[in-house]
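Visitor: One structure is given below, represented as structure tokens, and several questions about it will come after.
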Amino acid sequence: MAKIGLFFGTTTGKTESVAEMIQKEFGGESVVKLHNIIDVEASEFEDYQYVIIGCPTWNIGELQSDWEGFFPELDNIDFHGKKVAYFGTGDQVGYADNFQDAIGILEEKISDLGGTTVGYWPTDGYDFNESKALRNGKFVGLAIDEDNQSDLTNERVKAWVAQLKKEFGL
Ligand SMILES: Cc1cc2nc3c(=O)[nH]c(=O)nc-3n(C[C@H](O)[C@H](O)[C@H](O)COP(=O)(O)O)c2cc1C
């Protein structure tokens, strides 16, 4: 049984690709199980003490549509005792006033439900105006921009996974 459950939504496949990179970097499917949120029931979160949430921002500051559909279900999950990390994909050039908003929206909700956030990520190397994903000057999780900085994705994923291994205590 994988220790970490990674729950992602995707519309055009970019967030799924990043999810697969994260899984590989952790050591494969024996460590990280991928769940597309379109197929998930709330009870599936009960299997994991370590959770990774992946969501792109769509439609100017909104959750990806499958996450939008699942959002009310979050109220049925007890996140107390769970360490939760977030990653998003977004477009800092096209949507500079709403870059990565979705992971900020999800983190606010899930931390209200008892989740402990890990995996904060610095804003160095990004150029945007505003984001709901900021807490004390950092992103709430890994910010990936496949639209403008795909050349940086691999190194960002590697560094973040190394950080998470420590913060999860694995
Ligand atoms: C119509 C449209 C709206 C978007 N809105 C935002 C946005 O508000 N903020 C952001 O950071 N990215 C935005 N994006 C960029 C997507 O989040 C980005 O392309 C993402 O990687 C798509 O992920 P997916 O392929 O997993 O669905 C938008 C893209 C489109 C086409």
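What follows is calculated from the coordinates using simple rules that are stated; it is not laboratory data. Nothing here was measured: the structure is a model prediction, and the numbers come from that model. Counting neighbours? That spans all protein chains shown, and the Cβs are built from the backbone with ideal geometry, glycine included.
Visitor: Can you pull out the trypsin sites (Lys or Arg not before Pro) in the range 1-76 that DSSP calls coil and that have at most 16 other Cβ atoms within 10 Å?
Guide: Hits after loop and neighbour filter: LYS3.
Visitor: Could you pull out the pairs from LYS33/LYS132; LYS132/LYS165; LYS3/LYS165 whose alpha carbons sit more than 19 Å apart here?
Guide: Pairs exceeding the cut-off: LYS33/LYS132; LYS132/LYS165.
Visitor: The range 1-108: which GluC sites (Glu not before Pro) are DSSP loop and have at most 14 other beta-carbon atoms within 10 angstrom? Spell out each step's value before the answer.
Guide: Values: sites: GLU16, GLU20, GLU25, GLU29, GLU41, GLU44, GLU46, GLU62, GLU68, GLU73, GLU107, GLU108; in loops: GLU29, GLU41.
Counting only loop positions with at most 14 other Cβ atoms within 10 Å, the GluC sites (Glu not before Pro) in the range 1-108 are GLU29, GLU41.
Visitor: Further, regarding this structure: Quick one: check the C-alpha center-to-center distance for the range 115-138 versus the range 1-68, whole angstrom.
Guide: 19
Visitor: Quick one: work out the % antiparallel among DSSP beta bridges in the range 4-168, nearest 5.
Guide: The answer is about 20 percent antiparallel.
Visitor: Mind checking the full-extension length gain between SER150 and ALA42? Use 0.36 nm per residue of separation minus the Cα-Cα distance, one decimal, nm.
Guide: Stretched fully, the SER150-ALA42 segment lengthens by 35.7 nm.
Visitor: I've got another one for you. Which percentage, to the nearest 5, of the DSSP beta bridges contained in the range 4-67 is antiparallel?
Guide: Counting DSSP beta bridges with both partners in the range 4-67, the antiparallel share is about 15 percent.
Visitor: For a protection proxy built on the mean count of beta-carbon atoms within 10 angstrom, sort 134-142, 148-156 highest first, please.
Guide: Order by mean packing, descending: 134-142, 148-156.
Visitor: Ok, one more. Any chance you could list the semi-axes, whole Å, largest first, of the equivalent ellipsoid that the Cα gyration tensor gives for the range 1-154, using √(5λ)?
Guide: 23, 17, 15
Visitor: Using a Förster distance of 35 angstrom, determine the FRET efficiency expected from the C-beta separation of THR12 and HIS80, and round it to 0.05.
Guide: 0.55
Visitor: Along the charge dipole of the chain, Cβ charges K/R +1 and D/E -1, which of GLY90, ASN129, ALA143 sits furthest on the positive end?
Guide: Of the listed residues, the answer is ALA143.
Visitor: Tell me, in nm to one decimal, what length is gained between ILE60 and LYS109 on full extension, where the rule is 0.36 nm per residue of separation less the Cα-Cα distance? Walk me through the numbers before you get to the answer.
Guide: Details: separation 49, 0.36 × 49 = 17.64 nm, distance 1.90 nm.
Gain on extension, ILE60 to LYS109, equals 15.7 nm.
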